[in-house]
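Asker: First the structure, which I've put down as C-alpha cells, then a few questions once you've had a look.
Any read-out appearing in this document is the output of simple, stated calculations on the displayed coordinates, not a laboratory observation. In this text, all values refer to a predicted model and were calculated from it rather than measured experimentally. Note that each Cβ is placed from the backbone with ideal geometry, even for glycine, and that neighbours are counted across all protein chains shown.
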Amino acid sequence: MKDKRKYSDRAAYLTKAVHARRRKIKEMAVAHKGGQCYFCGYKKCIDALEFHHYIGDKIFNLSKDGITRSWSKTKSELDKCVLVCANCHREIHAGLLQLPQAIEVEK
C-alpha cells in the first residue's frame with residue numbers, strides 16, 4: 001500500500017526532528033572542542049559558543065543555519081576551528097584578541 005502522507009501532514013514533526021539533530025550535533029561539536037571558550041572559559045550557555053576557523057580553507061560554515069552535515073564531515077571541519085564564546089569571537093574579528101601561534105601546534 002502506497003504511503004499517502006504529504007509533507008504538510010508531517011511538517012511539524014520533521015521540523016522538530018531536524019532541530020533535535022542540529023542540537024545534538026552542536027552538543028557533540030562543543031564537547032569535541034573542549035566544552036568551553038578557549039580564551040575566557042565561558043560554558044554556561046551552548047547557544048553562546050561558536051566556532052572560529054583559523055586553519056585552512058573553510059569548506060562549510062558550522063554555525064550558520066545549524067549543523068546539517070554528517071558527524072565525520074563536521075568533525076574534520078572542527079579540526080580547523082577553535083571554540084570561543086560570542087564575545088571573544090567578536091573581539092577576534094575586531095582585532096582585540098589574537099590566537100596564539102602555539103594553537104597551531106596542538107593539532
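Asker: Can you give the FRET efficiency to the nearest 0.05 for Asp3 and His53, using r as the Cβ-Cβ distance and R₀ = 41 Å?
Answerer: Working: r = 42 Å, r/R0 = 1.02.
Rounded to the nearest 0.05, the efficiency is 0.45.
Asker: While we're on this one: Where does each of 35-47, 13-25, 79-91 land if you order them by average Cβ count within 10 Å, highest first?
Answerer: 79-91, 35-47, 13-25
Asker: Which of these values of mean projected area of the Cα convex hull in nm² was calculated from the structure shown: (i) 19.3; (ii) 8.9; (iii) 7.2?
Answerer: Given (i) 19.3; (ii) 8.9; (iii) 7.2, the structure-derived one carries the label (ii).
Asker: Sticking with this one: So what is the 222 nm mean residue ellipticity for the chain from helices alone, if each DSSP H run of at least 4 adds -39500 (n - 2.57) and you divide by all residues, rounding to the nearest 500 deg cm²/dmol?
Answerer: Counting only the DSSP helices, I get -13500 deg cm²/dmol.
Asker: Note down the relative contact order for region 7-106 as a percent, whole number, built from C-alpha pairs under 8 angstrom at least six residues apart.
Answerer: 31 percent.
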